[in-house]
Structures are given as structure tokens and as C-alpha cells.
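Have a look at the structure below before the remarks.
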Amino acid sequence: MWDSLWIEAHLATMKAGAYGAIRDGALGVKDGRIAWVGARADLPGAPDTLSREVMSCGHAWITPGLVDCHTHVVFAGNRAGEFERRLSGATYEEIARAGGGIASTVQATRAASEEALLEAAAGRVWALVENGVTTLEVKSGYGLDLDTELKMLRTARALEARFDVRIRTSLLGLHALPPEFKNDRAGYVRLVCEEMIPAVAREGLADAVDGFCEGIGFTPAETELVFKAARAHGLDVKLHAEQLSDQGGAELAARYKALSADHLEHVSDAGIAAMARSGTVAVLLPGAFYCLRETRAPPIDKLRAACVPMAVATDCNPGTSPVASPLMAMNMACTLFRLTPEEALAGVTCHGARALGLGGEIGTLEVGKAADFALWRIDEPAELAYWIGADLMQERVRGGRVALA
Ligand code: DI6
Ligand code: FE
């Protein structure tokens with residue numbers, strides 16, 4: 001006997017990245033996991049003989065719960081003033097070099113209490129879960145000292161219970177050079193390798209280690225030291241790579257079997273080939289591309305031809321992507337990067353899951369996976385990428401139970 005059976009619904013199973021649409025489908029749930037998926041006509045009996053509860057979905061579409069696999073939702077303050085400066089002509093890099101940008105968010109985040117940080121993140125996370133998100137990755141990186149990085153990661157973990165959302169965390173120690181290490185880059189990299197990584201591993205606060213490998217960030221050599229330390233402590237790695245220039249970050253990430261390399265506007269052919277070989281997911285972040293008014297899109301055709309799985313995420317952060325909607329990110333991925341709506345949906349489901357190392361657990365509607373899914377008031381799945389700013393979510397289900405929002 002199943003715990004619940006969801007009928008009067010169409011299913012986009014997203015198996016292997018395709019809609020795998022089942023019209024007039026049925027989904028059985030037992031002990032928080034998917035127990036049966038198929039056409040209602042193929043059910044092995046009458047619904048009320050199969051399940052304790054039968055849920056009629058009003059002809060909604062059911063998709064896997066959305067996975068936002070790259071966010072910086074935990075931070076204090078905001079950067080609307082910087083937005084205004086950029087509108088008067090300053091560039092993101094100029095502001096960063098002049099000590100604004102990430103550094104100003106670091107200052108605000110260091111000053112905030114853990115409670116204040118949770119409250120600040122709550123509005124953004126609320127928006128994400130109202131848009132169907134059931135799994136969310138959260139990066140640190142606005143502390144840049146041990147205590148504040150740990151505070152950010154504890155806050156990220158606290159979101160799990162508060163919003164009934166699965167949380168994965170990444171230590172982003174190599175986000176920017178903190179002011180107190182202005183003249184000691186090597187000293188800061190040592191702090192990340194020798195203190196931050198061992199501490200987050202010991203306390204179970206981070207699932208992965210990330211870095212910002214960029215001209216205004218950290219070099220590949222610095223990044224590699226951090227990857228080595230992460231691997232030595234049993235943590236996964238991922239990387240902000242080739243966002244503003246080609247640094248060879250994608251190759252480096254692939255060499256360390258990174259779960260993902262993210263951004264990739266400037267990735268080279270060699271970088272793509274290396275990612276294809278290592279199974280590293282390309283995480284596309286069109287919100288940052290849009291907000292920075294970049295003109296060079298990631299080489300989607302080449303990534304597609306090389307069969308590199310493409311995830312899509314919000315990159316929700318105060319500087320370059322104040323985007324709190326995965327559906328908006330999907331629309332931007334289609335309009336700005338020319339993904340198909342099917343690829344965009346795969347990007348926030350099965351490939352997003354893979355970018356977090358959760359490909360076996362979530363991301364598709366398949367028997368045995370966690371019963372994390374979302375119900376949508378739409379007539380066809382392409383609508384999820386098509387509408388801008390519409391309220392499409394009907395219900396969000398986590399572990400087989402109707403969840404908040
Ligand atoms: N790349 C980004 O787009 C964000 N971080 C990063 O490494 C920007 C973060 C910020 O400006 O606050
Ligand atoms: Fe980012």
C-alpha cells in the first residue's frame with residue numbers, strides 16, 4: 001500500500017534530460033520515495049486500493065522539484081547603491097578594484113548576527129521555494145574569515161528546517177581577498193587550506209569547496225592548492241570558471257573531477273573537452289550575464305555537441321545576480337543563451353541535481369528517488385521557461401509531503 005497516489009496530472013519525468021512526458025499520469029509515493037510512475041491507465045488496480053491517500057491534481061503538470069545548484073543567498077545588506085553607480089557608467093570590475101563590490105557585502109555580513117543573517121536570507125529563499133525549489137545550494141564567501149564563513153554555513157544549514165528545502169553547502173573561501181590580507185595573498189590561501197577547510201570538514205558544515213578563479217579573483221595555482229586541501233578532507237569541489245576571461249579554470253576543475261564548473265562564458269575548446277571527459281557539469285548562470293550586460297554567451301552549441309550536461313541556476317547574489325527565481329533563470333537561459341525550454345527544465349532538475357552530486361537521489365521522477373516534486377498550473381512544460389514573472393506553482397512536495405509554499 002502506497003502512502004499517497006497523485007492522479008489527474010501530467011508528468012514531465014526529465015529522465016536523461018528529456019521531458020519524458022506522460023499525459024494523464026500517476027505517481028505513487030511510499031516512505032518519502034517514488035514508488036510508481038506511469039500512465040494512469042497502467043495502474044495495477046483502482047487508486048483507492050493502491051494507496052492510503054489519493055490526491056487529485058486538477059490536471060496540473062508534475063515535474064521533479066527544482067534544484068537551484070548555485071546561489072549565494074546568505075548575506076547581509078544589499079548593493080542597490082552599486083547598481084545605481086553601474087547605471088552611471090562604472091563597471092563591476094572598477095567597483096571591485098576600488099574596494100566596493102564583494103568587500104562591502106563582506107563588511108555587512110561580518111557585522112550581522114546569525115539570526116539577522118537568517119532573516120535576511122529568508123525573503124530570498126521564500127521566493128525560491130514559491131517557485132518550486134526543493135533543493136538549494138548555498139555558498140559562503142562573504143565572511144573571508146573563519147568565524148564568519150562558519151556563521152554563513154550554519155545559517156545555510158538552518159534554512160533546511162525553516163523552509164523544508166534540501167540544502168547543500170559550499171565553502172567559497174576563495175571568493176575575494178579580505179582587506180586584512182591585502183598584501184599577503186599566500187597567507188590567505190593558507191588560511192583557507194589549513195584552517196577553514198579542516199574546520200568545515202570537521203563540523204560537517206560544507207559538502208563542497210568552491211572558488212572564484214578569475215583575474216579579479218584567484219589564480220589557477222591558488223585554486224589548485226585549495227582543491228588539494230578539499231580533496232584531502234573528503235570534500236567535493238566546484239569552481240566559478242571563465243566568467244570574465246579564460247583562465248583555464250574548466251580544465252583545472254575537470255582535473256580534480258569537479259562536480260561542476262560554473263559561468264563558462266569564456267571557456268575554451270580544451271576546457272569543454274576536459275569537462276566532457278571528467279563528467280563535470282556546466283552550470284549556466286544567465287542572471288549574472290544579464291545583470292552585467294555581458295555580450296559573450298557561453299558556447300552552448302559546443303557544450304551540447306560535446307554532451308556536457310548543462311545545469312541552470314540563479315546565482316542569487318547581491319552583486320551580479322539579484323535573481324530569486326529559477327523560472328526567470330530558465331527564461332534567460334532560453335532567450336539569452338538559446339537553450340530549448342526542455343534543456344532549461346533539465347538544467348534546473350536532473351542536471352542541477354548532478355551538479356550537486358545528487359543525481360542518484362533527486363532530479364527526475366523515477367522509482368526509488370526522493371519524492372521531491374512540484375505541481376504547476378500549466379498546459380505544457382515549455383510554459384515554465386516561457387512566462388516571465390507569472391505565478392505558476394500550485395504545490396511543492398518534499399519527501400512525499402506537501403511542503404511550505
Ligand atoms: N561570481 C559572481 O558572479 C559572484 N561571485 C562570483 O564569484 C559575484 C558576487 C558579488 O559581487 O557579490
Ligand atoms: Fe556565483
Exercise for the section: Would you tally the residues in the stretch 7-53 being without any contact (Cβ under 8 Å) to a residue 40 or more places away in the chain and either acidic (Asp, Glu) or not assigned by TED's automatic domain parsing to the domain that holds ASP379 (or both)? Expected result: 3
Handout entry: Residues that are under 18 Å from GLY399 (Cα atoms) and either open to solvent by 40 Å² or more (accessible area, probe 1.4 Å) or touching a helix residue (DSSP H, G or I) at 6+ places or on another chain (Cβ under 7 Å) (or both), drawn from the stretch 159-185
Key = LEU159, GLU160, ALA161, ARG162, PHE163, VAL165, ARG166, ILE167, ARG168
Problem - Residue in the stretch 166-174 that is touching a Gly at 6+ places or on another chain (Cβ under 9 Å) and not in a strand (DSSP E or B) present - result: no
Completion exercise
Pairing a residue in the stretch 307-323 that is over 11 Å from ALA282 (Cβ atoms) with any residue that is among the polar types (S, T, N, Q) and more than 9 Å from ligand 2 (Cβ to nearest atom), where Cβ atoms lie under 6 Å and the two sit 6 or more apart in sequence or on different chains, gives PRO318/ASN78; PRO318/THR105; VAL323/THR314
Fill in the blank from the handout: So, first residue within 16 Å of ligand 1 (Cβ to nearest atom) in the stretch 224-253, second residue polar (S, T, N, Q), Cβ within less than 6 Å, six or more apart or across chains; the pairs are LYS238/SER260; ASP246/SER268; ALA253/THR280
Practice task
Could you grab the pairs with beta carbons closer than 8 Å, sequence gap of 6+ or different chains, first residue in the stretch 140-156 and at negative phi and without any contact (Cβ under 8 Å) to a residue 12 or more places away in the chain, second one open to solvent by less than 10 Å² (accessible area, probe 1.4 Å) and away from ligand 2 (no atom under 16 Å from the Cβ)?
Solution key: none
Problem - Any chance CYS193 is within 16 Å of ligand 1 (Cβ to nearest atom) and touching a residue at least 12 places away in the same chain (Cβ under 8 Å) - result: no
Handout entry: Within the stretch 208-287, strands (runs of 3 or more DSSP E) holding 2 or more residues that are buried (at least 24 other Cβ atoms within 10 Å of the Cβ) and of a type in the set (Asp, Glu)
Key = none
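The values are calculated or read from the model by the stated rules, or taken from the named source; none is laboratory data. Quantities reported herein were computed from a predicted structural model and do not represent experimental measurements. Neighbour counts run over all protein chains shown; Cβ positions are idealised from the backbone, glycine included. Ligands, DNA and RNA are excluded from the accessible area calculation, which covers all protein heavy atoms including side chains. Shrake-Rupley method; radii C 1.70, N 1.55, O 1.52, S 1.80 Å.
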